[in-house]
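Take a look at the structure set out below.
The values are calculated or read from the model by the stated rules, or taken from the named source; none is laboratory data. This structure is a prediction, so every number in the text was calculated from the model and none was measured. Here the Cβ is made from the backbone with ideal geometry for all residues, glycine too, and neighbour counts use every protein chain on show. Ligands, DNA and RNA are stripped out before the accessible areas are found, and what is left, the full protein with its side chains, is counted by its heavy atoms. Shrake-Rupley method; radii C 1.70, N 1.55, O 1.52, S 1.80 Å.
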Protein chains: 2
Amino acid sequence: MSTTPQTELWRRAAQTRQATALAHPNIAFIKYWGNQNDNLRLPANPSLSMNLASLHAITTVQFDDSRPADSLTINGQPVTGPGLARVSTSLDLIRAEAGLKLPAQVTSASNFPVGSGIASSAAAFAALAVAGAAAAGLPASGSSLSRLARRGSGSASRSVPAGYCEWLTGSDETSVATSIAPPEHWDLRDVVVVVSQAHKAVGSTGGHSLAATSSLQAARVAGAADRLAACKAALLARDLPAMGAVIEEDAVIMHGVMMSSRPPLYYWTPETMAIIQATQQWRADGLPVYFTIDAGPNVHLICDAAHAAQVEAAARQIAGVQRVLVSGPGGAARLIDR
Amino acid sequence: MSTTPQTELWRRAAQTRQATALAHPNIAFIKYWGNQNDNLRLPANPSLSMNLASLHAITTVQFDDSRPADSLTINGQPVTGPGLARVSTSLDLIRAEAGLKLPAQVTSASNFPVGSGIASSAAAFAALAVAGAAAAGLPASGSSLSRLARRGSGSASRSVPAGYCEWLTGSDETSVATSIAPPEHWDLRDVVVVVSQAHKAVGSTGGHSLAATSSLQAARVAGAADRLAACKAALLARDLPAMGAVIEEDAVIMHGVMMSSRPPLYYWTPETMAIIQATQQWRADGLPVYFTIDAGPNVHLICDAAHAAQVEAAARQIAGVQRVLVSGPGGAARLIDR
């Protein structure tokens with residue numbers, strides 16, 4: 001999209017107090033669920049993810065005094081209330097670091113299909129952090145940007161670095177994501193199977209704060225570092241069966257926590273279960289594919305590029321599947337020319 | 001079935017070295033999954049269940065020397081190999097206690113519908129323990145009988161006492177089940193929803209020994225006593241919403257352990273998930289019903305007698321439901337006249 005070097009774009013942004021950034025959503029192989037500190041979004045456990053190249057949010061931030069307060073437009077629609085307040089909170093962090101007092105106009109758009117069931121907040125808050133920091137004249141520091149993104153939406157921290165990313169626990173300064181392998185390290189595919197949402201899940205609002213009410217959460221957190229180490233080693237070795245086993249285990253452990261929280265959160269539908277069962281059958285039939293599931297009913301099928309078409313075709317045969325999206329590994333959040 | 005007093009039947013059995021016993025299967029409200037000692041079947045955690053009056057196994061044991069070794073017939077079919085060996089192991093315990101050296105002829109039959117998906121081992125081994133002990137001249141001691149049943153099949157310990165039963169952890173002598181309330185304490189119903197088994201679950205053989213491979217099992221075990229205490233208190237108070245919440249939580253915790261064991265055990269099918277979702281909807285619509293799920297895809301819907309017909313009718317509307325059975329609380333394992 002942009003051939004202008006990032007350094008040049010950051011220089012221009014600081015001059016014009018305006019910047020536009022693009023960021024991808026990510027799919028977690030080792031899940032984030034529950035915080036040590038809800039306000040700072042310090043996660044209970046480390047997590048690991050892959051950016052999704054096919055999907056992105058593009059966000060422009062313009063600091064100026066043409067309006068009295070922050071304004072927000074998402075996909076052409078003005079947003080006020082809690083949505084705007086959450087963006088202003090992120091901008092306040094940026095303004096405080098930059099010593100800036102100007103309000104901002106924020107416009108954001110994503111290429112996510114409507115009803116794709118993919119959370120847009122990771123991409124949106126990563127793009128907001130990068131565009132906002134650049135427009136405010138802050139330096140292009142990956143760890144600072146990941147931290148700013150995290151404060152807006154935890155998993156957004158993982159959408160800042162490139163490719164395959166690990167998000168560490170720690171303090172406000174140290175709980176940031178870093179790239180453990182670039183996109184070109186391994187040409188994996190996420191075949192996103194969007195299923196019927198006829199059985200609407202219990203709302204996910206407050207899900208992270210519910211995590212601690214499950215008697216399984218402490219065990220989930222205690223085991224996360226080991227699962228992450230196993231996942232990371234398998235990822236670096238491009239060992240799909242080893243990685244697949246641990247990502248499936250990690251996903252069902254998170255859903256076990258969700259289903260045993262008080263009140264319980266049931267995100268799975270019959271279609272989710274059909275794809276879980278089908279995945280095991282496909283593997284038994286020789287197709288190397290593994291599932292993971294975020295806080296929703298859709299199933300992400302992870303495979304290598306060579307098998308993606310076959311996995312996609314198989315997924316489309318499942319009753320209740322509404323849409324299938326396919327994405328390879330994506331790059332870092334970055335400024336783009338407008 | 002029998003109007004002869006149990007004391008008279010026990011006296012006759014000791015004289016004739018022959019006895020026939022009836023026992024019900026049970027549905028666990030707080031689950032048994034994993035052992036502290038596989039050989040002795042000492043459970044990792046205490047559990048709590050209801051006997052199912054509508055279903056039973058009837059077993060006759062005859063000690064005599066008309067044959068050189070133990071023989072076994074189940075539902076009219078001669079059984080040899082591992083099935084016979086497991087029964088002989090139970091008989092050996094009884095013979096050792098009774099100082100008896102005779103082989104036994106064992107015939108057993110159950111009224112479970114074929115493909116009902118209800119494990120028959122609890123009823124079968126409870127009936128075997130009672131008939132075998134009586135025919136061997138052992139005393140009619142509830143705790144001894146529960147222990148003998150447990151050694152054959154863990155959950156059989158809970159089919160020995162009447163009604164609602166609690167099975168304690170402990171040593172070989174103390175890990176027995178006792179009745180915490182008779183059947184007439186509360187006229188609950190188990191509406192057993194038998195679903196399609198098209199997606200065949202991973203075999204359950206060795207499931208108990210797999211429990212410890214899940215990183216969630218220790219947390220499941222650690223929380224079981226509290227869940228049991230909450231379930232027992234709600235049961236004694238006839239508080240269905242309180243009991244229902246904890247039995248659902250306990251069931252999904254067990255399945256979380258199963259799905260995160262190595263290798264994972266997935267017993268749920270799309271139909272299982274449909275009934276889990278439907279149960280929540282039915283409650284939202286005012287129907288007081290709660291689910292539990294054993295090591296299989298079928299769902300047990302727990303409600304009071306007044307709502308059983310409505311629950312049964314609702315369950316029959318779910319696509320993929322093959323059969324619905326309904327049972328109230330059952331009595332103790334006992335000798336019967338033939």
| Cβ-vector label at 7 Å, residue B:236, separations to other copies in nm | 5.6
| remark: Net charge near residue A:161 (other residues with Cβ under 13 Å of its Cβ; Lys, Arg +1; Asp, Glu -1) is +3
| remark: Under 5 Å from the placed amide H of residue A:79, counting only residues 5+ away or on other chains, we find A:72, A:73, A:74
| task | For region A:263-294, state which residues have at least 40 Å² less accessible area in the presence of all protein chains than in their chain by itself, taking the probe as 1.4 Å and leaving out ligands, DNA and RNA. | result | A:266, A:268, A:270, A:273, A:277, A:280
| message | If you average the C-alpha positions of region A:25-70 and of region B:54-116 separately, how far apart do those two centres end up, in angstrom? | response | 63 Å
| said: Per residue, how much accessible surface does chain B expose to a 1.4 Å probe? Answer in Å², no decimals. | reply: 37 Å²
| query | Taking the label point 7 Å from Cα in the Cβ direction, how far apart in nm is residue B:7 from each other copy of itself, listed shortest first? | reply | 10.0
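Could you work out the helix-only [θ] at 222 nm for chain A, with each DSSP H run of four or more residues adding -39,500 (n - 2.57) and the total divided by the number of residues, to the nearest 500 deg cm²/dmol?
Rounded to the nearest 500, the figure is -11500 deg cm²/dmol.
Report, for the protein assembly as shown, the % of DSSP beta bridges that are antiparallel, rounded to 5. Mind showing how you got there, number by number?
Numbers: 96 of 104 bridges.
Counting DSSP beta bridges with both partners in the protein assembly as shown, the antiparallel share is about 90 percent.
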| Per-residue accessible area for residue B:186 at 1.4 Å probe radius, Å² rounded to 10? | 30 Å²
| If you build a Gaussian network model of chain B, linking Cα atoms that sit under 10 Å apart, which residue out of B:170, B:81, B:256 swings the most? | B:81
| Comparing A:100, A:168, A:188, which has the greatest mean-square fluctuation in the GNM of chain A with Cα pairs linked when under 10 Å apart? | A:100
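Please work out whether region A:81-189 counts as rounded, prolate or oblate from its C-alpha gyration tensor, where a ≥ b ≥ c are the square roots of the eigenvalues and a/c under 1.5 means rounded, while otherwise a/b larger than b/c means prolate and anything else oblate? Let's see the in-between values first.
Numbers: a/c = 1.92, a/b = 1.26, b/c = 1.52.
Since a/c reaches 1.5 but b/c is at least a/b, the shape of region A:81-189 is classed as oblate.
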| note | One residue of chain A has its C-beta nearest the axis rotating A onto B; that residue and its distance in whole Å are A:256, 1
| field | Summed residue charge, Cβ within 15 Å of residue A:303's Cβ, Lys/Arg positive, Asp/Glu negative | value | -3
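Would you list the membrane-span-like helices of chain A, meaning whole DSSP H runs whose alpha-carbon atoms span at least 27 Å along their axis and whose mean Kyte-Doolittle value is at least -1.0? Walk me through the intermediate numbers first.
Working: long enough: A:217-236 (28 Å, 0.70); A:240-259 (28 Å, 1.11).
Correct list, ordered by number: A:217-236, A:240-259.
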| request: Within the set of other residues whose C-beta is less than 12 Å from the C-beta of residue A:212, count the net charge using Lys and Arg as +1 and Asp and Glu as -1. | output: +1
| task | Starting from the Cα of residue A:237, step 7 Å along the direction of its Cβ; do the same at residue B:213; then give the gap between the two resulting points in nm. | result | 1.8 nm
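DSSP beta bridges in region B:5-185, what fraction antiparallel, as a percent rounded to 5? Could you put the intermediate results ahead of the total?
Values: 30 of 34 bridges.
Taking every DSSP beta bridge within region B:5-185, about 90 percent pair in antiparallel fashion.
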| request: For residue A:83, place a label point 7 Å out from Cα along the Cα→Cβ vector, do the same in each other copy, and report the separations in nm, one decimal, smallest first. | output: 6.4
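Which of rounded, prolate, oblate describes region A:5-185, given a ≥ b ≥ c as roots of the alpha-carbon gyration tensor eigenvalues and a/c under 1.5 marking rounded, otherwise prolate only if a/b is larger than b/c?
On the way: a/c = 1.44, a/b = 1.38, b/c = 1.04.
In terms of gyration-tensor shape, rounded.
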| note | If one builds a Gaussian network model of chain B from Cα atoms under 10 Å apart, the most fluctuating residue listed among B:291, B:112, B:125 is B:112
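Could you tell me which of rounded, prolate or oblate describes region A:186-296, using a ≥ b ≥ c as the square roots of the eigenvalues of the alpha-carbon gyration tensor, with rounded for a/c under 1.5 and, failing that, prolate when a/b is larger than b/c and oblate otherwise?
Values: a/c = 2.30, a/b = 1.26, b/c = 1.82.
It is oblate, given that a/c is not under 1.5 and a/b is not larger than b/c.
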| note | On protein heavy atoms with a 1.4 Å probe, the accessible surface that disappears when B meets A, both sides summed and given to 100 Å², is 2300 Å²
| request: Keeping the other protein chains in place, figure out the carbon and sulfur percent of the accessible area of the protein assembly as shown, with a 1.4 Å probe. | output: 53 percent
| In region B:93-135, which residues have a backbone nitrogen under 15 Å from the label point lying 7 Å from residue B:64's Cα in the Cα-to-Cβ direction? | B:102-107, B:135
| remark: Once normalised by the length of chain B, the mean sequence separation of its alpha carbon contacts under 8 Å that are 6 or more apart gives a contact order in percent of 25 percent
